[in-house]
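The values are calculated or read from the model by the stated rules, or taken from the named source; none is laboratory data. Just so it is clear, the model here is predicted, and its values are computed rather than measured. Positions of Cβ are generated from backbone atoms using ideal geometry, with glycine treated the same way; all protein chains shown enter the neighbour counts.
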Amino acid sequence: MATPGHTRPLLATPGHLACRRIGHSLYWRHGQPVRAGTGLEGVEKREHVPQGGWGDTMADTETTARAAAVLRTQRIETPSWGYGNSGTRFKVFPQEGVPRTPYEKIDDAATVHRFTGITPTVSLHIPWDAVEDYGLLAKYAVDRGVALGVINANTFQDDDYRLGSVTNPAPGVRRKAIDHLLECVDILDATGSHDLKLWFADGTNYPGQDSIRARQDRLAEALQETYDRLGDHQRLLLEYKFFEPAFYHTDVPDWGTSYAHCLQLGDKAQVVIDTGHHAPGTNIEFIVAFLLRAGKLGAFDFNSRFYADDDLMVGSADPFQLFRIMYEIVQGGALGPDAGIAFMLDQCHNIEAKIPAVIRSVMNVQEATAKALMVDVSALSAAQQRGDVLAANAALMDGFNTDVRPLLADLRADMGLDPDPVAAYGRSGYAEKIRAERVGGDAAGWGA
């Protein structure tokens with residue numbers, strides 16, 4: 001018997017997972033249902049439901065329609081550096097066909113958008129993406145169907161920053177770092193971008209190396225000067241990371257420190273959450289819920305980690321964590337573009353092909369979001385109110401265990417896209433084209 005408010009469990013049929021149905025369309029080959037994700041060659045789509053085991057069709061239809069409508073509005077920004085040669089601090093393995101200029105990075109980002117339909121912006125990292133004319137770069141992006149997004153400052157790769165950038169004990173070094181931040185605001189003006197993202201590697205390795213309190217004062221002064229330079233429609237996004245490269249203490253180690261500084265600065269300062277920047281076991285969805293409630297979540301950097309800041313493909317290490325995060329975002333009404341949260345990938349693809357890895361990452365976020373949208377919120381809320389721990393957990397897990405791949409395949413088809421973006425990219429010939437054309441010159445990357 002189905003629990004009130006729940007869809008009854010499904011019976012496994014040959015070639016199909018036992019899971020919740022997530023829409024009208026089913027895919028069949030040779031008269032048998034086909035597992036989503038096995039490829040659609042030779043597959044027919046049937047618009048009816050086999051009798052005996054799919055649950056409440058009307059409820060699922062309504063839920064699917066609502067989910068599809070929300071998923072159409074989802075936007076994910078891709079990082080320019082994700083297309084270049086980047087990897088671990090031990091070794092970067094170069095690949096053929098990687099971009100040599102910011103313009104070629106934009107070409108790759110536009111290609112990802114062409115196959116996913118939800119990645120219309122690309123982040124820049126300065127000085128990695130420095131050009132003489134940023135207005136021209138912005139126009140180039142628009143001409144290729146995308147736009148320039150968040151501008152990321154780099155205060156961690158100059159030799160002068162050995163003891164820190166904006167918190168360095170030397171006034172001259174601090175001035176140099178702040179001037180770079182102000183330069184990045186100038187780039188916001190030139191590109192029409194709205195967000196300046198700051199991550200500081202600043203910290204110390206040994207007790208007594210520097211004054212922790214004095215470094216917080218220096219940080220506050222630098223942030224204030226940068227904040228005061230922002231235009232009316234620009235924001236300062238402050239990221240945090242609990243360790244590395246500093247090991248004794250980091251000047252912005254956690255969401256509380258970032259939140260406190262942003263609160264002091266004002267409404268145009270917001271916190272950035274990066275999934276890889278937390279201690280193991282940190283409840284990131286709690287941080288999401290708290291910052292959403294406080295109106296201080298400005299951006300989200302997607303990636304995966306097993307140990308530290310691994311920068312692996314989002315959803316590859318812990319898809320359940322990604323689902324829980326997206327559930328809080330969905331319930332907080334923060335998914336759509338109007339919510340003002342910049343959802344970005346922040347990853348390095350050192351051993352895998354870069355463009356397919358970016359496409360796969362986008363798909364992973366889509367799947368987690370779709371699962372979050374499939375949670376029966378009414379059943380979950382009712383179980384929570386009556387204190388039924390198991391029923392509440394089951395309602396959430398039903399959403400996570402839903403196979404949403406057919407739903408997303410249908411959605412992409414309705415958007416005029418190939419249902420399988422990775423396979424479509426593989427057939428496109430773009431990889432062969434850039435390997436042939438991008439010969440000579442210096443491949444983009446941060447080196448190691």
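Observations
- Which listed residue is under 26 Å from Ile341 (Cα atoms) and in contact with a Phe, Trp or Tyr (Cβ under 7 Å, 6 or more places away or on another chain), from Ala153, Ala141, Ala222, Ala201: Ala201
- Just one of (1) farther than 19 Å from Gly84 by Cβ; (2) assigned to a loop (DSSP other than H, G, I, E, B) fails for His180. It is (2).
- One residue alone among Gly172, Gly145, Gly208 is assigned to a loop (DSSP other than H, G, I, E, B) and free of Cβ contacts under 8 Å to residues at least 24 places away in the same chain, and that residue is Gly208.
- Within the stretch 76-130, considering residues that are among the polar types (S, T, N, Q) and at pLDDT 95 or above, the one farthest from the chain's Cα centre (by Cα): Thr101
- The residues of the stretch 358-378 that are more than 22 Å from Gly332 (Cα to Cα) and either in contact (Cβ under 8 Å) with a residue 60 or more places away in the chain or more than 15 Å from the chain's Cα centre (by Cα) (or both), listed by number, are Val358, Ile359, Arg360.
- If the condition is being under 15 Å from Trp199 (Cβ atoms), under 27 Å from the mean Cα position of the chain (by Cα) and not aliphatic (A, V, I, L, M), then the stretch 159-184 contributes Ser165, His180, Cys184.
- Of the residues making up the stretch 381-395, those that are within 22 Å of Leu322 (Cβ to Cβ) and buried (at least 22 other Cβ atoms within 10 Å of the Cβ) number 1.
- Among the candidates Ser193, Ser258, residue that is free of Cβ contacts under 8 Å to residues at least 40 places away in the same chain and of a type outside the set (D, E, K, R): Ser258
- Meets criteria (under 23 Å from Phe200 (Cα atoms), crowded, with 23+ Cβ neighbours inside 10 Å and among the charged types (D, E, K, R)) for Asp301: yes
- Flag if Phe302 is in contact (Cβ under 8 Å) with a residue 24 or more places away in the chain and under 13 Å from Lys371 (Cβ atoms): no
- Checking Gly315 against (1) of a type outside the set (A, V, I, L, M); (2) in a helix (DSSP H, G or I); (3) within 14 Å of Leu345 (Cα to Cα), the condition it does not meet: (2)
- Members of the stretch 67-105 found to be within 16 Å of Asp346 (Cα to Cα) and in contact with a strand residue (DSSP E or B) (Cβ under 8 Å, 6 or more places away or on another chain), listed by number: Arg75, Ile76, Glu77, Thr78, Pro79, Ser80, Trp81, Gly82, Gly84, Asn85, Ser86, Lys105
- Across the stretch 261-275, the number of residues qualifying as assigned to a helix (DSSP H, G or I) and within 14 Å of Glu239 (Cβ to Cβ) comes to 2.
- Which listed residue is modelled with pLDDT of 95 or more, part of a loop (DSSP other than H, G, I, E, B) and acidic (Asp, Glu), from Asp418, Asp442: Asp418
- Test: residue in the stretch 425-443 that is within 26 Å of Leu322 (Cα to Cα), small (Gly, Ala, Ser) and in contact with a helix residue (DSSP H, G or I) (Cβ under 8 Å, 6 or more places away or on another chain): no
- Test: residue in the stretch 289-296 that is surrounded by fewer than 18 Cβ atoms within 10 Å (Cβ to Cβ), small (Gly, Ala, Ser) and closer than 22 Å to Gly336 by Cα: yes
- Test: residue in the stretch 239-249 that is buried (at least 21 other Cβ atoms within 10 Å of the Cβ) and acidic (Asp, Glu): yes
- As a summary of the residue check, Gln157 satisfies the conditions (1) touching a residue at least 60 places away in the same chain (Cβ under 8 Å); (2) farther than 30 Å from Gly441 by Cβ except for the one numbered (2).
- Condition met for Thr191 (surrounded by fewer than 22 Cβ atoms within 10 Å (Cβ to Cβ), of a type in the set (Ser, Thr, Tyr), under 18 Å from His125 (Cα atoms) and modelled with pLDDT of 95 or more): yes
- Exactly one residue out of Asp159, Asp143, Asp179 is among the acidic types (Asp, Glu), surrounded by fewer than 13 Cβ atoms within 10 Å (Cβ to Cβ) and within 23 Å of Lys105 (Cα to Cα): that is Asp143.
- Cβ-Cβ under 9 Å pairs, at least 6 apart or on other chains, the stretch 103-128 side without any contact (Cβ under 8 Å) to a residue 40 or more places away in the chain and over 17 Å from Ala357 (Cα atoms), far side assigned to a loop (DSSP other than H, G, I, E, B) and of a type outside the set (Lys, Arg): Tyr103/Val131; Pro127/Asn154; Pro127/Gln157
- Checking Asp338 against (1) part of a helix (DSSP H, G or I); (2) modelled with pLDDT of 95 or more, the condition it does not meet: (2)
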